Amino acid sequence: MQLVTVFVPASIANLGCGFDIMGMAIESAGDIVRMEMSEGDGIEIINKTDYDIPCSVEDNVMTPSIKAMLQDRGVKAHIRVTLMGKIMPGSGIGSSAASASAAVFALNHLLGKPYDSKRLVEFAMEGEALSSGGAKHADNVAPALLGGIVLICSYHPFEYITIPFPKDFCAVVAHPHITVKTSESRAVLPEKIPLHDAIQQWANVGGLVSGFMKGDMGLVARSMRDVIVEPYRKRFIPGFDQLGERLMAEGGETFNISGSGPSVFALCKDASVGARLEVIMVEHFQQFGIKVDTFLSKGDNLGARVIF
Ligand code: HSE
């Protein structure tokens, strides 16, 4: 029997304008997963966290990723996965992506590392698709596995670039305890978009990537704007516009939905501003009677790693 335990960070997908093509890893939350590989067949999933997670082989996001890798490798083995630590499911900071990524990262390690990072992202997307109603996107799994900020340049063929998260930027994340299913928040999006919105959005993506590469928070803040998806999704988050205005007035640089929500995030330049923004986020959701968790985080530039 072989054994490994891995950590995979949480991630913020889309980063405003980069719907399905951008995401970044954050260091303050993540999944801890232990995997054992032994002779035999089948997958077993054990949950040692406090969260209610589907552990049947059919329903867990790790299963499609594990099966795809074993099949590709032509390996027959019994895989036991134990979830030791978990990002809160449904929070919008890459919970399912972290699990799928942890599964492929751990299995690759146990198989002797036959796959490169790009193939690992592709295997992890198999699991991610299960939680998003079939859509295969890498904007959570890629940063979770690789760390930093990831831009998916192309899905066919699959290609990405990574950018380190600037050291002096902080992310403030609020997770209001409301349910927003990824499949539902994708279903509200339009099939077609006006050309003037597309022009603004691709200008924003260019500015955002450039701002991150230069470590220019002003450019990041001006560019991290989503004119295509956010107008349809903000209805799921009570008082979204008012919260954004308050955060900007108190020193926040940007405010957006994290992935498909319900978490939201702001970026700022130092931890003291971040602490103020956390208080505003808590007050905001409490006025609607919604429980909320907040945290302040640096970017995680390491991505998935073996911890023991
Ligand atoms: N890009 C995805 C979305 C992230 O916004 O639907 C959520 O998994």
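Here, each number is a calculation from the coordinates, and none is a lab measurement. The model shown is predicted, which means the values in this text are computed figures rather than measured ones. Cβ: placed from backbone, ideal geometry, glycine included. Neighbour counts: every protein chain shown.
Among the lysines of the stretch 105-201, pairs at least eight places apart or on separate chains and with Cα atoms under 26 Å apart come to 6. Counting only DSSP beta bridges with both residues in the chain, the antiparallel share comes to about 90 percent. Kindly identify the stretch 157-224 as rounded, prolate or oblate by the Cα gyration tensor criterion: order the square roots of the eigenvalues as a ≥ b ≥ c, call it rounded if a/c is under 1.5, otherwise compare a/b with b/c, prolate if a/b is larger, else oblate. The shape class here is oblate.
For the listed peptides 22-32, 182-192, 263-273, 229-239, a ranking on the average number of other beta carbons within 10 Å per residue, highest first, reads 22-32, 263-273, 229-239, 182-192. For His78, the residues whose modelled amide H falls within less than 5 Å of its own, excluding neighbours fewer than 5 places apart on the same chain, are Ser38, Glu39, Gly40, Asp41.
Please sort by residue number the trypsin sites (Lys or Arg not before Pro) in the stretch 68-137 whose DSSP state is loop and whose Cβ has at most 12 other Cβ atoms within 10 Å.
Lys76
Cross-link candidates for Lys48: which lysines have Cα within less than 19 Å, leaving aside residues fewer than 8 places away along the same chain? Candidates past the 8-residue exclusion: Lys86. State the Cα centre-to-centre distance between the stretch 14-77 and the stretch 248-264 in whole Å. Spelled out, the Cα-based centre of one part sits 27 Å from the other.
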